[in-house]
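Just below is one structure, and these are the notes that go with it.
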Amino acid sequence: MRRECWRKLWLALPLLAVAAVGAPDARVDGVDAGGVEAAGSAARTGTGSDGRPGLDLGALIGGEAVGDDGYAVADVSRPFDFPADHGPHPDFRTEWWYLVSHLAAADGRDYGVQFTLFRQALAPPGEPDPDASHWRTRQVWMAHVAVSGPDGRHQAGERFARGALGLAGVRAAPFAAWLEDWRLEAVHDGQKFPLRLTARVDDVPRPFEVELEFDAARGPILQGDQGLSRKSERAGNASYYYSYTRMQARGRIRLDGVDVAVEGLGWMDREWSTSVLDPGQVGWDWFALHLEDGRDLMVFQIRRDDGSIDGASAGVVVTEDGESRPLTRADFSLEPLASWKDETGAAWPVSWRLTVPSLGISGRVEARHPDQLNRLAVRYWEGRVCLDGPVPGCGYLEMTGYTSP
Amino acid sequence: MSLLLRSHLRHLWRDRWQTLLAVFGIAIGVAVVLAVDLANAASREAMRVATQQLDGTATHAITGAGERLADSHYPQLRLRWRQGDPRFADVRAMAPVVTAEVRLARTPQGPAWPVQLLGVDPIADAGMRAPVPGPAGGGAGRLISEAGTALLDVVSLRQLGVGPDEEATLWVRSAAGLRPIRVIASFDPGDRALGQGLMITDIATAQELLDRVGWLSRIDLQRERVTSPPGVAAVLERLFPGLVIPPAETEGVDLGGGLRLTSLAEQAADTRALAASFQLNLAALGLLALLVGLFLVHGALTHAVMRRARAFGRLRALGVQAAEIYRMVLAEAVVMGVLGVLAGLLLGRWLASGLLLLVAGTLENLYGQVAVVALAPDPVPMAKAATVGIVATLLAALPAALRASRVPPNGRAVAVKRGGGRRRALLILVLLVTGAVCLHPRLGYVGGLLAVGALLLVAAALTPAWVRFCLRGLLRWLTLAPLHVRLLLRDSERGLLRSGVAAAALVIAMATALGMGLMVESFRSSVDRWLDARLAAPLHLQFAGERRALPDGVAEVLPQAVRGHVFRVSWSDRIDRQPVRVSHVSVSGVVPDDLGLAMVAGSVADHGVAISEPLARRLEVGVGSTLALPVPGGRRELAVTGVFREYGAGPGLILVPEAAGVPVLPGSAALELHGPRGDLDTIIATLTAAAPEGTRVRHQADLLAQARAVFDRTFRVTSVLQAIAGAVAAFGLFAALTALGLERRAQYGVLRTLGVGRLTPVVQNLGEALLLATAAVLLAMPLGIGVAIILIEVVNVRAFGWSLDWQFPPWLFLQALLVSLLAGLLAAALPAWSLYRATPAALMTEVRGEA
């Protein structure tokens, strides 16, 4: 029945809808693809998920071509302009700053840290009113911070804010992306790197803090067709997408009241778009791996409701000297080997066979721990994985759209 | 069936009218107690629901000077909270609020419906007030992104004639003027529908709608509750009107920069305390009705016991124990009590719905609560009224039961113990001492009400002796009067054991009525004089929106229009947890001394502030003390130079002259115009042309009429309860005279057979009633003055902080006399009529039957 799937933020959209109306019971299990579907159908019929008329936040927060009027659209390749493009693109509907890192302490125990800042426009740009309230905005922000510990315990926190009074936002130079006290920002003015991430999460069973610095970045790597990443066959269903595929990460994680010094590698994605949906897409599996031979590999596949893999699935390989080469659907294969079932009965493939014949890569990608599920207003799996085989490596896997039968 | 029980039932049946009267007396007393409690509970519930609807799960709030804070504080406070500032320990959510009471209308000129406008950030507010907005999956996105959109509760929509699925443009009337608003969705307030209407908008829309860009009303916090739910406290508060149990948490936390963090429970307790004194006064009137009812029970049982003295003597002779007779009479009382309570509960429910409207209206006038209230079946007041009814009945029956048990075997009459006078004197002494102790200042207005109660009981205890004194005096004075007059006097004296109780009830009712009447009249004249002075200016201008200064256009034309003016900017705040209204005053030209305020002490002077009398009492400050006035960024110590009268029960007033140099906060702005140059119509035309849109020009006469109407509405409920107590008393007199009439039938039978005309018993009966009523009212008059003294000098001052000018309108005393006489005549009419119609033979038959 699910006819749409969105990557990352698209998944988060119903969550925004939920947060925006503040229905606390929306924080129940199974608001993942079900929520997507409800919001998607709302987009078409102009009714809310409960069928009441006039409650069309679903239509506002995207889907197909409906309600895109007035937004900028990612339809053609464009020159990227840095540092301006590190900042927000408010005329596009959605945008995110996405950072994952796999880290290790001196004693060899390994950790994972995820930080994501999402921007969502609730309405297309209009004429600004000089007498308007300082609170007047059409931008809503959401942030996720998650830590995976060596004992397999995974914890994630989330926050929301409107784009007003400096509660949340992104500044291109000197770079800063923040939601309240969760911040990712340039350590030195006039230099994008090193970046410092600070976040403190209290409202979880085991409160934690992270303070990490990222430097010696490889990138920016333009994804897809010179930064235009198509998500379906339809023109305009695409995003502008670039990445820093490898950063040296160093810092500390405070977990259970104990500070642990860690270091490792990080990966940052930047993406903005207005419409990327296609009916029939149900979810995706996204792999970002740092290979031990110095190459970085990203592949993603979009799953369709008939069980097939969408032709828009793609990837990239980046060599040690920063040369990148896009990969198409035909260049790689992904095969789920074993699944882990969450408490709702949804089965998440936590063991995969990844083959990229042209790169000589073939092996099993195994989750370091099966339960790295972000049980937030929207449920998705985001966690550390390692690849074995001739070219081993470690990195992050993101899975969406797996629901209970 | 035992002999005892059969005898018992037979007597109850024979005295069925007396029994019925007693039952009715209890029923009325219980009904009034219950009705007052239910009405109080309902209005309290309405206040609570209205608060809860607005606060949601918020437990604390951050406020600034003038009950507002710059919205730039919000992100800073949020950061402090997120970074672990210990003052925000246990805080789970923080949300900004912009709120105001506004009126909604379908068309710009259409009838308006009051709603609370609640501007929230739907994102920060998630989880705090979430259940209220209701519409899942939408609305909020548009609320944020579309200016001028709102969600409205379905009850308000219905009131405005808008369908629940309709998107409608409505008109908001607020201090900022008339603005359109688009209602994009509705929500069902569910069981919260008791409260007022609620309109939810995005915080940006609320600021724009109210002209409050840059300002928040407060920041709500949701803190993990450490205290237990206030279950016990809530029940206690329902049991004892006037009682307000403050939450364990007391003082607010100073966050610096003039910001304070206070618990909402604490603020709610303050609001409850304001209404509580009014509710206690009502409850006291309710108890008074019960007290009067108890005199009926007492009278009826005494009557029954006396009539059955012979039967008790025979029973004792047959071997029945005194204790059994004692229990039997008490059991009789319990039967009456139960019947009375049951009837009273039913009656009380019915009475409550009527009373509720009056109570709600008064609370609205006094405290500005828009109280759309409904009665709820509440077991606590029901149980309380029932218990009070039964226990009081038993207490009232105790003397009769004792008397009955003391009838010796084969005794023929109930012994009237000697030494009763001494005991009564002792009782009076104890009551007087108790009353005096109750007047101690530390006992507050509750002590004052108790003292009134003690004084009334003293009067009740004195009544029989007083009436006897009057009758004997008359007898001595009228030595040459005709025989039947002397007979009347002597008969009346003999009947006192029975009628004395009824007379006491009448004294209580009349004294209360007179005391309350004096208080209300004094109040009315004080308020009148205060209003006249306060509204001395012939013209008043109210500006729309919030402002800090006189609009330039108006300032330009003023010198040509008038000789003097007073411009006020007023805003709300709190000092020592007391809600206050700060008025910044700038004066120009010729204006009345002290701005026309009636000063209690000191004067309005440039170097300090003048404050209203109730506030001075609440804060315990006077001329010469200092007051810490909240100003942006902190507090300013100012000398109190004067205290002025104020009869509003709302927040205390603080008058800050311009010269005191206190920064003006944006607030509602008003202009008083003194000494018009030329005719008013021309001046109004000039000013209207110069004033900004939405300015209202009002004549002195309109404002006076409006203020007086509010005053009258406020006292309507009091007079209704007063009338009920009076009616119960008249009823008591009726019962007592009926009993006396029955008892004297034999005597009249003898007189009639001796040839005395049938009119004589009628005249006797009516004469006795008039004598009793006159004696009662003569005692009630000084007593009423005593009640008024306590009410005016103690209760009003302590409960509301109002001081009043005494008024003694003669018509009030005349009215008391006439009402008493009328009550006496009405009460005597039926027994007299029955005597008139009875033949001597019938009267004699009853004598034999009795024997």
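Any read-out appearing in this document is the output of simple, stated calculations on the displayed coordinates, not a laboratory observation. Small disclaimer: the values here were computed from a predicted structure and weren't measured. Cβ sites come from the backbone with ideal geometry, for glycine too, and all protein chains shown count toward neighbours.
Take the Cβ-Cβ distance between A:Asp203 and A:Ala173 as r, set R0 to 25 Å, and report the resulting FRET efficiency rounded to the nearest 0.05. Write down the numbers at each step before the final one.
Numbers: r = 32 Å, r/R0 = 1.30.
Result of the calculation: an efficiency of 0.15.
Indicate the gyration tensor shape class of the range A:84-399 (rounded, prolate or oblate), computed on the Cα atoms with a ≥ b ≥ c the square roots of the eigenvalues: a/c under 1.5 is rounded; otherwise a/b larger than b/c is prolate and the rest oblate. The partial results should precede the final answer.
Numbers: a/c = 1.44, a/b = 1.16, b/c = 1.24.
Here the range A:84-399 falls in the rounded category.
Can you work out the FRET efficiency for the pair A:Glu263 and B:Ala105, with r the C-beta to C-beta distance and R0 = 60 Å, to the nearest 0.05? Don't jump to the answer; show the numbers that get you there.
Numbers: r = 66 Å, r/R0 = 1.10.
Working from the Cβ atoms, E equals 0.35.
How long are the semi-axes of the equivalent ellipsoid of the range B:768-826, defined as square roots of 5 times the Cα gyration tensor eigenvalues? Whole Å, largest first.
On the way: eigenvalues 166, 23, 14 Å².
Result for the range B:768-826: semi-axes of 29, 11, 8 Å.
Which net charge results for the neighbourhood of B:Ile654, defined as the other residues with beta-carbon distances under 10 angstrom from its beta-carbon, given Lys and Arg at +1 and Asp and Glu at -1?
0
Quick one: go through the range B:548-591 and flag any residue whose amide nitrogen is under 17 Å from the point 7 Å out along the Cα-to-Cβ line of B:Thr682.
Label zone hits: B:557-564.
Which ³J(HN,Hα) values in Hz, rounded to whole numbers, follow from the phi angles of the range A:395-405 under the Karplus curve 6.51 cos²θ - 1.76 cosθ + 1.60, where θ = phi - 60° and Gly and Pro get x?
3J(HN,Hα) across the range A:395-405, in whole Hz: x, 10, 10, 10, 10, 9, x, 8, 10, 5, x.
Would you please give the residues with an amide H less than 5 Å from that of B:Val656, counting only those at least 5 places away or on a separate chain, with H modeled from the backbone geometry?
Amide H neighbours of B:Val656, under 5 Å, 5+ apart: B:Ser583, B:His584, B:Val585.
Quick check: residue separation of B:Arg486 and B:Gln76 times 0.36 nm, minus the Cα distance between them. What number comes out in nm?
Numbers: separation 410, 0.36 × 410 = 147.60 nm, distance 9.11 nm.
The span from B:Arg486 to B:Gln76 would gain 138.5 nm if fully extended.
Which whole-Hz ³J(HN,Hα) couplings does the range A:236-241 yield from phi under the Karplus relation 6.51 cos²θ - 1.76 cosθ + 1.60, θ = phi - 60°, glycine and proline marked x?
Running phi through 6.51 cos²θ - 1.76 cosθ + 1.60 with θ = phi - 60° gives x, 7, 7, 9, 8, 8 Hz.
Calculated FRET efficiency, B:Glu224 and B:His440, Cβ-Cβ r, R0 51 Å, to nearest 0.05? Numbers along the way, then the final one.
Working: r = 42 Å, r/R0 = 0.82.
Calculated value: 0.75.
Normalised by the residues of the range B:544-694, what does the relative contact order come to in percent, with Cα pairs under 8 Å and at least six apart?
On the way: 306 pairs, mean separation 55.9, N = 151.
This gives 37 percent for the range B:544-694.
Under 13 Å from a point 7 Å along the Cα-to-Cβ line of B:Ala536: which residues of the range B:583-599 have their amide N that close?
Label zone hits: B:590-599.
Find the centroid of the Cα atoms in the range B:597-629 and in the range A:127-163, then give the distance between the two in whole Å.
Going from one Cα centre to the other spans 50 Å.
Residue-wise, which Karplus ³J(HN,Hα) couplings in Hz belong to the range B:470-480, taking 6.51 cos²θ - 1.76 cosθ + 1.60, θ = phi - 60°, and x for glycine or proline?
Rounded to whole hertz, the list is 4, 5, 5, x, 4, 4, 5, 6, 9, 4, 9.
Please identify which residues in the range A:143-174 have an amide N closer than 20 Å to a label point set 7 Å out from the Cα of A:Asp81, following the Cα→Cβ vector.
Zone members listed by number: A:170-174.
Multiplying the sequence separation of B:Arg476 and B:Leu770 by 0.36 nm and subtracting their Cα-Cα distance, what value in nm do you get? It would help to have the intermediate numbers written out before the result.
Details: separation 294, 0.36 × 294 = 105.84 nm, distance 1.88 nm.
Roughly 104.0 nm would be gained on extension.
Please list, ordered by chain and number, the residues whose modelled amide H lies under 5 Å from the amide H of A:Ser313; skip anything fewer than 5 residues away on the same chain.
A:Ile302
Taking amide hydrogens as modeled 1.01 Å from N in the peptide plane, which residues meet the under 5 Å criterion relative to A:Val385, leaving out close sequence neighbours?
Sorted by chain and number, the residues that satisfy this are A:Arg368, A:Gly395, A:Tyr396, A:Leu397.
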